[in-house]
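First comes the structure, then the notes that go with it.
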Amino acid sequence: MGRAEPGRKIPERILERQEVSPAALGLVLVLAFVVFAYVPFMGKAYTMDEPLFLAPALHILKDPLHPLAFSFNWYGQTVPMSSINNTPPLFLYLLALAWKCTGGRPFAMRLFFLPLDLLAAVSLFLLASRFLKKPLVPTLVALATPGFLVGLNLLYPDKAAAAFGFFGLYAWVRGIDEDKSGWTYAALGALAMALLSKYLAVVFLVPAAAYAAARRKPVAKMMLPAAALAPVGLYLAVNLLHGGAAFSSAWRTTAQSLGAASWARRWRAVLAGVGGCCAAAALWPFFAGRPRWKPAAAALAAAFLLFLPLWDAGGPAPDLLARMMGIAMAFAALYGLARILERRTRSSEDILWLSWAGAVLLMEAFAYWSVMARVTALLVPPLIFAWAGMLERTLEQKPRAALYALSLAATLALSLSLAWVDSCYADAQAQAARVAAALPAKGGRLWTTSHWGLQYYVEREGGRELDALRGGWSQVRPGDAVVWSRVNSNQLPPNRRFLINAKQIDWANPLPLRLMSARGDEAGFYSSVFGFLPYALSRAPLDEFFFARILPRGRAY
């Protein structure tokens, strides 16, 4: 670059200081946050239901036109995958593409889907920016909650549904506000992709329609989000005409939820999930304006009533610590919801958050087979943004900034701890399978009656799943070995006596936090079938693995 000539005036635009806009800086910080918070746990072993989605993805690589045309054992018996799968096909094909590109290594597979996490994060920030003066920290708090950092950091279709759904809502709001058809079409396309990833994404259509109504748009515009149902409707129709079971499988899952025996237990899990997954943000309404003692007293009374032993529906009663944690989490959720509902006037912003939160809340409470943190994660953003709006209207900037900082630090500390515990749990399944692989005698086989990650890694080691339709434990012969775990579901009990050599290995973790447990502490992060808490304080083992080698002679089992 040449030197300036003496006396020559330098243009003012060169001398002007170039500043980064707050919005651009916020986007950079949001993206950096996701990378630094999510990536460290992407190397964990495949866990929970991930093998259930990987199975059709691997089949797609062999037969791309018939993704579910094979049999699979996931509930103790080998049946057509079409009768098990209740997920639309889009995410399964993305998984197949990821496997083709990465070779199936867990870290590479999860990294492949990092753009979806980034899209979800950016969409939430842009959406919050339209309604909040300071959207950055509320967005980071939402992304730091356990449902996001742990639950949506898995190879589940929920990841794609959240990413496309959040972007679809942002594009829809922008299209409505600016009356631009391009954003409206982008919203419909994104919402359609969300629905093709998971039927649950239908919850995003409710706030889209409600926001159009709040902005006094024509009825045709309010009904337009329903157009996003067309692609998934076409898929279901074609599948039905070809004798597929996509619709019946999805309906069976819904009917299972509608026929739930204990509504008290379901609402315990819903409210504890909201209060627990929103973590420190659930405390924000306490600082928004003057204390509201009546709703606080009503929320506390309702929480105590819900967790009375009177409503314990069969099975072992939860211990006192689990019950008290449930009361605290449910109280935070009820008080936060009450504070949102107490406003007498409703802006379009309020309508958006309320309709969004209400749709997910009703879906979890009535129309989904189980309450789980990854579904509750879809409920977290509208609640946090609504509470942040309350703080902006009532709390001065400096106290609000301090509260935000403490909330983000506390939420992130909790979620990182849970993510580490979850990673250790996942890796334990792979390690147990390797231990079990050395147990069969020469010519013997390795079996398991467990599912989830343990089933996947046992099959990777050459083992097989016991099948109730083929005799269950009668398939086992002398010289074979069987491994199973305590924290698992749909396991086949032995149907005859064996002579075995047996041992038990407990996998522990120094942190007294558990996401899943079979010891009565009610930890049910992945499903309320295991407990009504999204996480529990417990020193129980992460899992207990049982290994048995079948012998001609030995001690009786």
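The values are calculated or read from the model by the stated rules, or taken from the named source; none is laboratory data. Being a predicted model, the structure only gives us computed values, none of them experimental. FYI the Cβ positions are ideal-geometry reconstructions off the backbone, even for glycines, and counts take in every protein chain you see.
Inspect all residues belonging to segment 384-400 and state whether any of them is more than 30 Å from residue 75 (Cβ to Cβ) and of a type in the set (Ser, Thr, Tyr). Lay out the reasoning, then the answer.
Let us first name the residues in segment 384-400 that are more than 30 Å from residue 75 (Cβ to Cβ), namely 384-400.
Within this subset, residues satisfying the condition of being of a type in the set (Ser, Thr, Tyr) are 394.
Checked against the condition, which is being more than 30 Å from residue 75 (Cβ to Cβ) and of a type in the set (Ser, Thr, Tyr), segment 384-400 yields at least one hit.
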For segment 483-493, indicate whether the set of residues that are more than 27 Å from residue 420 (Cα to Cα) and surrounded by fewer than 24 Cβ atoms within 10 Å (Cβ to Cβ) is non-empty. yes
Only listed residue being within 28 Å of residue 41 (Cα to Cα), buried (at least 22 other Cβ atoms within 10 Å of the Cβ) and among the aliphatic types (A, V, I, L, M), chosen from 436, 430: 436
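Keeping to segment 470-488, report how many residues are of a type outside the set (A, V, I, L, M), assigned to a loop (DSSP other than H, G, I, E, B) and closer than 18 Å to residue 507 by Cβ.
First pass over segment 470-488, keeping only residues of a type outside the set (A, V, I, L, M): 470-475, 477-480, 484-486, 488.
In the following step, the residues that additionally are assigned to a loop (DSSP other than H, G, I, E, B) were identified as 471, 477-480, 486, 488.
Of the ones still in play, those that are also closer than 18 Å to residue 507 by Cβ are 486, 488.
Of the residues in that region, 2 qualify.
Restricting attention to segment 102-123, does a residue exist that is in a loop (DSSP other than H, G, I, E, B), of a type outside the set (Gly, Ala, Ser) and touching a residue at least 40 places away in the same chain (Cβ under 8 Å)? Step through it out loud before you land on a result.
Residues of segment 102-123 in a loop (DSSP other than H, G, I, E, B): 103-105, 113.
With of a type outside the set (Gly, Ala, Ser) added as a condition, the list becomes 105, 113.
Still in the running and touching a residue at least 40 places away in the same chain (Cβ under 8 Å): 113.
The answer is yes, given that some residue of segment 102-123 is in a loop (DSSP other than H, G, I, E, B), of a type outside the set (Gly, Ala, Ser) and touching a residue at least 40 places away in the same chain (Cβ under 8 Å).
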Report, by residue number, each residue of segment 522-544 that is closer than 18 Å to residue 428 by Cβ and in contact with a Leu (Cβ under 8 Å, 6 or more places away or on another chain). 523, 525, 526, 535, 536, 538
Within segment 145-183, take every residue that is touching a Ser or Thr at 6+ places or on another chain (Cβ under 9 Å) and without any contact (Cβ under 8 Å) to a residue 24 or more places away in the chain and give me the one that is nearest to residue 42 (Cα to Cα). 171
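Here are some residues: 430, 409, 402. Which one is touching a residue at least 24 places away in the same chain (Cβ under 8 Å), part of a helix (DSSP H, G or I) and farther than 20 Å from residue 524 by Cα? Before the answer, list the steps.
Working: 409 fails: touching a residue at least 24 places away in the same chain (Cβ under 8 Å); 402 fails: touching a residue at least 24 places away in the same chain (Cβ under 8 Å).
Criteria check complete, one pass: 430.
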Residue within segment 189-197 that is assigned by TED's automatic domain parsing to the domain that holds residue 119, without any contact (Cβ under 8 Å) to a residue 60 or more places away in the chain and farther than 21 Å from residue 377 by Cα present: yes
Within segment 94-114, identify whether any single residue is assigned by TED's automatic domain parsing to the domain that holds residue 186, within 24 Å of residue 151 (Cβ to Cβ), of a type in the set (S, T, N, Q) and buried (at least 19 other Cβ atoms within 10 Å of the Cβ), and answer yes or no. no
Residues being assigned to a loop (DSSP other than H, G, I, E, B) and either within 8 Å of the chain's Cα centre (by Cα) or buried (at least 24 other Cβ atoms within 10 Å of the Cβ) (or both): count how many of those fall in segment 369-379. 5
Looking at residue 221 and the list (1) under 24 Å from the mean Cα position of the chain (by Cα); (2) surrounded by fewer than 19 Cβ atoms within 10 Å (Cβ to Cβ); (3) touching a residue at least 40 places away in the same chain (Cβ under 8 Å), which single condition is not satisfied? (1)
State whether the residues of segment 295-305 include one that is of a type in the set (A, V, I, L, M, F, W, C), under 19 Å from residue 531 (Cβ atoms) and touching a strand residue (DSSP E or B) at 6+ places or on another chain (Cβ under 9 Å). no
Only listed residue being surrounded by 14 or more Cβ atoms within 10 Å (Cβ to Cβ), in the same structural domain as residue 156 (by TED's automatic domain parsing), farther than 22 Å from residue 204 by Cα and among the β-branched types (Val, Ile, Thr), chosen from 351, 340, 327: 327
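Residue by residue, here is whether (1) polar (S, T, N, Q); (2) without any contact (Cβ under 8 Å) to a residue 24 or more places away in the chain; (3) assigned to a helix (DSSP H, G or I) holds:
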position	(1), (2), (3)
60	no, no, yes
133	no, no, no
139	yes, no, yes
143	no, no, yes
Matching residues, segment 170-194, being under 27 Å from the mean Cα position of the chain (by Cα) and closer than 24 Å to residue 93 by Cα: 186, 187, 188, 189, 190, 191, 192, 193, 194
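Which ones in segment 293-324 are of a type in the set (A, V, I, L, M, F, W, C), assigned to a loop (DSSP other than H, G, I, E, B) and buried (at least 17 other Cβ atoms within 10 Å of the Cβ)? Please lay out each step first, then the result.
Initial filter on segment 293-324 (of a type in the set (A, V, I, L, M, F, W, C)): 293, 296-308, 310-311, 313, 317, 320-322, 324.
Now restrict to residues that are assigned to a loop (DSSP other than H, G, I, E, B): 307-308, 313, 317.
307 - this is the single residue of segment 293-324 that is of a type in the set (A, V, I, L, M, F, W, C), assigned to a loop (DSSP other than H, G, I, E, B) and buried (at least 17 other Cβ atoms within 10 Å of the Cβ).
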